[in-house]
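Any read-out appearing in this document is the output of simple, stated calculations on the displayed coordinates, not a laboratory observation. This structure is a prediction, so every number in the text was calculated from the model and none was measured. Neighbour counts run over all protein chains shown; Cβ positions are idealised from the backbone, glycine included.
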Amino acid sequence: MESKTRFLTIFIITCISLVALLWVTFYGATASPLHNPYPLGKGSPLLWSPDSSMLLISRLGRSVWNGRSGQVLQELWAFYPDTGELKKLADNAFFPTFSPDGKELAFVSFAGPGEGRLEIMDLKTGQSRPVGETRWGAKVFWTAKGLLYQEGRYVMGHQPTGPRALASLGEAYLISISPDGNWALARRGNSVILKNLKSGTEYLLFQARYMGSVAWSPDDQSAAVIASPEPGIGQLWVVETTARKARLLWEAQSELPNGPTWAPGGDFIAFARYPLGAGTAEAADIW
């Protein structure tokens, strides 16, 4: 009797499974159409143009080698959401920044071990031209006061007649420049400093062994800064240029924050928290 009951149970489960499989086969295919998981190709979004008509996307490019050292180049692609058009802008372009009017794009191209070349692209024609040399890995910032970047010990400003030194950073490494072009965030050793590019005055903010992303507020007066004073400790600071000081907003052990972004009104900051050792972006919490 028990074996008969077991047989009937197995038979009923098999029939239900068969009916479910047939239902999915005949009806499920039209109920859930497949979508391209990479509609813009594999890559990472970088930044929007000032008028939001274009999204810059980075993709891994070819590798170039010089003796024993090599570099993977970064391709720049432009996506136009209104038309769905996607086109390549450059094969070798890092740290892109738009001009305030959105008509030009500046970036650093890899020119060799330790060497970078500053270029400006006319987005209407797609043509780029070299305008200066810089240390490889140095970022470039297009501000209200022009195109600024670090060359050696100095913050340089690109001029039609050539580069011009605006302020000395000494041994400090440039991290970011405010969109109004008045302030520079830099690190000298483990000391993070705020420097007035006009007067040259420096203000010590905090200590950090690692610096991450920087996002400036909509009014250009504050910056959200990712930092880490010790391995395994993540911090989120807000640097206030009017008060010449920094406030620690968040700190955690065994977590690293990333991607701070400001609300348009400047009242909120969103960022992600990555548990160390998680090994996947899905482990991040958004705050």
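See the values below:
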item: Exposure proxy order (Cβ contacts within 10 Å, fewest to most) of T97, T125; result: T125, T97
item: Kirkwood hydrodynamic radius (C-alpha pairs) into Stokes-Einstein, the range 113-218, 37 °C and 0.692 mPa s, D in µm²/s; result: 225
item: Where labels lie 7 Å past Cα in the beta-carbon direction, separation of S168 and R68 in nm; result: 3.7
item: Per-pair calculated FRET efficiency, R0 = 30 Å: A252 and Y203 via Cβ, rounded to 0.05; result: 0.70
item: Kirkwood hydrodynamic radius over Cα pairs of the range 39-168, then Stokes diffusion coefficient at 25 °C and 0.890 mPa s, in µm²/s; result: 160
item: The range 114-130 versus the range 158-232: alpha-carbon centroid distance in Å; result: 24
item: Modelled FRET efficiency - R0 35 Å, K103 with R188, Cβ distances, 0.05 increments; result: 0.45
